[in-house]
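Laboratory data are not the source of any read-out in this text; all were calculated from the coordinates shown. In this text, all values refer to a predicted model and were calculated from it rather than measured experimentally. Note that we place each Cβ from the backbone using ideal geometry, even for glycine, and neighbour counts take in every protein chain shown.
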Amino acid sequence: MGAQTHVLVIPFPAQGHVAPLMKLAHQIADYGIKVTFVNTEFIHEKIVFALPENNEKQMMKLVSIPDGLGPEDDRNNAFKLTESILRVMPGHLRALIENINMLGKEEEITCVIADLSFGWALEVVGEMGIKQTGFCPFSPSALALSLQIPNLIEAGIIDENGIPLENGLIRLSIDLPPWNSNELTWSCPGDLTTQKVFFNYTSSISQAAKLSNWILCNSSYEIDPSAFDLIPNVLPIGPLLASNVISHHAGSLWPEDSTCLSWLDTQPTGSVVYVAFRSFTIFSKKQVEELALGLEKTGRPFLWVVMSELSYGKIVEYPEGYVERVAKFGKIVEWAPQEKVLAHPSIACFLSHCGWNSTIEALTMGVPFLCWPYFADQFHNRNYICNVWKIGLRLDLGEDGIILRNEIKDKIGRLLCDYGIRENSLKLKETARNSISEIGSSKRNLECFIDQIKN
């Protein structure tokens, strides 16, 4: 029997990286291509645990390799996780591929799609003579910034540790919104150790891009043409949606609470404020309290996703009597099926951290934003949302760097009365949807990629 196309997919071990790559992997499998999806053992266990009981038969094989850390280790420690990954995972990935290839010609890995944050994986498969494809799970503008790091250092704009040499704006082109010098994708004000880890990872993306035969990006050319003009060899194939694949489960690391969908069914059209910061966002007890009271003061229905990580890994403490007071018009869940929530007609707006997955999902559903970025590319995504696409408003910090309850209440009120933002949101929704239609640019790019890896 002759060899068939067999794609191995490996994401960086974090929710915002696993989910879009799994959506892409499902789409590739829907073309009849064999797919093996590789997670770390830690992430693999979470995904298997989170699979719904009625999950459809998987269209791909899920496997795992060690990340070198034990179950007791803190994987939020960026330095420790990075060191362990680079020390342990390359050898395990090579062994995995060799073991698969030994099963016969029909099983051989013919292409590897690796997160651009995992440039080492592209090096490994390049040495093995396998086609290399980089995947960008973040915004195209963030990718453009990463590719320009050597030029920014040479021009004296940042030093070799990524620290800006002058305060002000950093601009890559006249058509791209500039970056504030303290809001670069690797910026961690007050934590230079973590910032150095993030900068090294971001810098490595430039080399990973050079190793890639193709770079796939979770966006469309029509959404951000100026950024894509700065990225060579790129194929925009987004927005990637779970609803566009046969198996709708797309890499959630936590079980989804579907009761929020039946609750949304009971709410008036365009009435509910959806609040979700997804993973990694951490608030102080005071900030959680201000957010809770701000939502209460609106008097509007709200759906709030609250994870334990939201407050430094501790059980979130609400103001006294809060849960009982808001029970008639608010619902709080630990994790939600976000695409289905954003697509629900009762949703009025999205209070978001502006991570790229959340951004691309909400704009594809035509939902306006209230922006509350936390780190990485989220600040620049906010600039797009508020200043370029004009589909949302920003929340401003008050006393002691806290966003206060009245700011939250007032901005929600302003957002829901801004018909210009609503109109812009619906126009961008149409643009995004058109790109993944049967004749859309992203659909054509994906089919072009499929054809090339089959040959």
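Using 0.36 nm per residue and subtracting the Cα-Cα separation, the extra length available between residue 396 and residue 258 on full extension is 46.5 nm.
Computed over the chain, the per-residue total of -39500 (n - 2.57) for DSSP H runs of n ≥ 4 gives a 222 nm mean residue ellipticity of -12500 deg cm²/dmol, rounded to 500.
For the ranges 258-265, 17-24, 334-341, what's the packing order if you count other beta-carbon atoms within 10 Å of each residue, average per peptide, and put the highest first?
17-24, 334-341, 258-265
Magnitude of the charge dipole for segment 259-417, about its Cα centre and with charges confined to Cβ atoms of Lys, Arg (+1) and Asp, Glu (-1), is about 340 debye.
Each Lys and Arg adds +1 at its Cβ and each Asp and Glu adds -1 at its Cβ; summed about the Cα centre, the chain shows a dipole of about 840 debye. Once the Cα atoms are used to define both axes, helix 285-298 deviates from the longest principal axis of the chain by about 60 degrees.
Looking at the chain alone, DSSP beta bridges between its own residues are antiparallel in about 5 percent of cases.
Neighbour counts of C-beta atoms inside 10 Å place 386, 417, 349 in the sequence 417, 386, 349, starting with the fewest.
For segment 7-30 and segment 103-170, what is the centre-to-centre distance using only Cα atoms, to the nearest Å? Cα centroid to Cα centroid, the span is 17 Å.
Each Cα pair under 8 Å and six or more residues apart adds its separation to the average, and for segment 259-417 the resulting relative contact order is 27 percent.
Dipole orientation for the chain: of the candidates 453, 350, 190, 350 has the Cα lying most toward the positive pole (charges on Cβ; Lys, Arg +1; Asp, Glu -1).
Taking 4.7 Å between C-beta atoms as the pairing limit, the chain has these partnerless cysteines: 111, 188, 260, 349, 354, 371, 386, 417, 448.
So between residue 455 and residue 73, what do we pick up on full extension, going 0.36 nm a residue minus the alpha carbon distance?
Working: separation 382, 0.36 × 382 = 137.52 nm, distance 4.32 nm.
Separation in residues times 0.36 nm, less the Cα-Cα distance, equals 133.2 nm.
For the chain, the relative contact order is 16 percent, taking Cα pairs closer than 8 Å that sit 6 or more residues apart in sequence and dividing their mean separation by the residue count.
Helix 192-211 versus the longest principal axis of the chain: what is the Cα-based angle in degrees, 0 to 90, to the nearest 10? Roughly 50 degrees between the two axes. What is the list of residues in segment 215-245 whose amide nitrogen lies under 13 Å from a point 7 angstrom out from the Cα of residue 151, following Cα to Cβ? In segment 215-245, the label zone of residue 151 (backbone N under 13 Å from the point 7 Å along Cα→Cβ) covers 227-232.
When 351, 235 are arranged by Cβ crowding within 10 Å, least crowded first, meaning fewest neighbours, the order is 235, 351. Each of 99, 220, 264 was scored by the projection of its Cα onto the charge dipole of the chain, and the greatest displacement toward the positive side belongs to 264; charges sit on the C-beta of Lys, Arg, Asp and Glu.
Given a cut-off of 23 Å, name the pairs among 23/454; 34/443; 285/331; 210/390; 331/429 whose C-alpha atoms lie farther apart than that in the structure shown. Correct reply: 210/390; 331/429. Counting charges near residue 85 (Lys, Arg +1; Asp, Glu -1) among other residues having Cβ under 11 Å from its Cβ returns a value of +1. Annotation for residue 447 and residue 419: the two label points, set 7 Å from Cα along the Cα-Cβ direction, are 4.0 nm apart.
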